[in-house]
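Shown next, in structure tokens, is the structure this report addresses.
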């Protein structure tokens with residue numbers, strides 16, 4: 001299979017490059033293939049038993065787009081990724097699949113209805129040479145009905161259902177999450193709008209794990225041109241969560257401040273500065289902790305020099321677990337981690353349809369539990385062809 005993908009990368013573009021998008025009537029077909037070779041100095045992300053490996057990631061897939069008249073669009077896609085490790089191949093090698101299907105309809109008064117279904121079969125990274133990868137199936141279905149700005153005001157209603165099923169081990173994380181809510185928009189400036197968002201959520205675990213809960217998210221923010229030369233979205237709010245059952249000394253109610261920001265600043269031509277920031281809750285089954293609060297900041301600076309885009313990235317995440325863990329500490333303390341990373345990247349457009357990339361990433365985790373600390377270096381070279 002690996003040789004087949006290499007041949008596809010090297011030979012197919014010669015015939016398909018002139019076509020770019022392959023069309024059959026109104027149907028657009030966009031196949032792609034990719035290959036990446038990575039050296040990883042610490043594949044199990046441990047402090048005491050560091051193991052290195054070469055990793056091959058080979059992928060192929062196709063994206064489809066069909067126009068059904070002037071009002072309706074139908075899109076879909078499929079991708080497959082093959083992971084090949086030079087160490088402990090039976091434990092580390094894996095095949096991942098992904099598929100998606102979407103429909104967009106444009107109704108009277110510019111109302112847009114969008115339905116999407118995204119499915120993937122993936123695995124979690126192995127933690128030792130003897131531990132099999134945890135296989136997981138995730139499916140996300142979403143519905144959005146959007147009425148754009150009419151004068152100063154607009155609105156949308158949304159619903160989403162996410163299903164997680166751990167096929168092999170760790171069934172305590174099998175769960176469903178449903179969210180329904182709305183967004184209200186207000187045109188503040190010609191290129192900027194303010195919004196208010198509300199979501200009510202229901203979290204349901206499939207086993208006896210006592211993390212079933214209801215929660216409410218309320219956020220306010222701005223999107224569009226949020227400052228001179230700065231485009232993006234910023235929002236802030238809170239989540240109020242209530243659990244259905246008791247779990248030892250863990251609290252049954254929690255209120256967490258949350259925010260997110262995604263902004264791009266162009267100080268000069270061909271130079272982009274992108275800031276990502278997010279604070280929110282993430283599900284976990286670590287000890288008595290029902291969730292942890294992640295506060296993430298990521299800064300990326302890229303510069304185009306002819307056909308090469310070079311980049312520098314900095315990432316920092318503060319992780320705070322919600323409850324104490326008496327099984328790992330005589331002091332009965334809450335776990336707290338700090339994740340930091342630095343990355344250097346480069347992308348080279350060999351042809352319009354063929355791109356090469358390079359990345360070096362250094363990761364460092366510190367924790368108040370020493371057994372969770374690690375350092376890791378990865379060096380990757382990749383090639384991707386999109387027709």
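It is to be established whether one or more residues within region 38-58 are closer than 30 Å to residue 146 by Cβ and part of a strand (DSSP E or B). Checked region 38-58: no residue is closer than 30 Å to residue 146 by Cβ and part of a strand (DSSP E or B).
Yes/no matrix, rows are residues, columns are (1) touching a residue at least 40 places away in the same chain (Cβ under 8 Å); (2) over 30 Å from residue 358 (Cβ atoms); (3) surrounded by fewer than 17 Cβ atoms within 10 Å (Cβ to Cβ); (4) under 19 Å from the mean Cα position of the chain (by Cα):
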site	(1), (2), (3), (4)
272	no, no, yes, no
283	yes, yes, yes, yes
296	no, no, yes, yes
324	yes, yes, no, no
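Of the residues that make up region 96-118, is at least one over 16 Å from the mean Cα position of the chain (by Cα) and closer than 30 Å to residue 50 by Cα? Scanning region 96-118 turns up no residue that is over 16 Å from the mean Cα position of the chain (by Cα) and closer than 30 Å to residue 50 by Cα. The set of residues in region 246-279 that are in a strand (DSSP E or B) and over 30 Å from residue 304 (Cα atoms) comprises 247, 250, 253, 254, 255, 256, 257, 258, 259, 279. Of the residues making up region 248-269, those that are within 20 Å of residue 210 (Cβ to Cβ) and buried (at least 16 other Cβ atoms within 10 Å of the Cβ) are 250, 254, 256. Taken over region 298-315, the residue count meeting the criterion of being surrounded by fewer than 14 Cβ atoms within 10 Å (Cβ to Cβ) and either under 14 Å from residue 343 (Cα atoms) or touching a helix residue (DSSP H, G or I) at 6+ places or on another chain (Cβ under 9 Å) (or both) is 2. Is it fair to say residue 189 is within 22 Å of residue 151 (Cβ to Cβ) and either in contact with a strand residue (DSSP E or B) (Cβ under 9 Å, 6 or more places away or on another chain) or buried (at least 18 other Cβ atoms within 10 Å of the Cβ) (or both)? The answer is yes for residue 189. Identify all residues within region 22-37 that are part of a strand (DSSP E or B), modelled with pLDDT under 90 and farther than 25 Å from residue 357 by Cβ; write none if there are none. Selection gives 23, 24. Only one of the numbered conditions (1) touching a strand residue (DSSP E or B) at 6+ places or on another chain (Cβ under 7 Å); (2) closer than 30 Å to residue 213 by Cβ; (3) surrounded by 14 or more Cβ atoms within 10 Å (Cβ to Cβ) is not met by residue 157, and that is (3).
Residues that are buried (at least 16 other Cβ atoms within 10 Å of the Cβ) and touching a residue at least 60 places away in the same chain (Cβ under 8 Å) within region 110-154 comprise just one, 126. Among the residues of region 134-177, those that are in contact with a helix residue (DSSP H, G or I) (Cβ under 8 Å, 6 or more places away or on another chain) and under 23 Å from residue 289 (Cα atoms) comprise 164, 166. Evaluation of residue 108 against the conditions (1) touching a strand residue (DSSP E or B) at 6+ places or on another chain (Cβ under 8 Å); (2) under 24 Å from residue 67 (Cβ atoms) shows that the sole unmet condition is (1).
The values are calculated or read from the model by the stated rules, or taken from the named source; none is laboratory data. None of these values were measured; they are calculated from a predicted model. Every residue, glycine among them, receives a Cβ derived from its backbone with ideal geometry; neighbour counts consider all protein chains shown.
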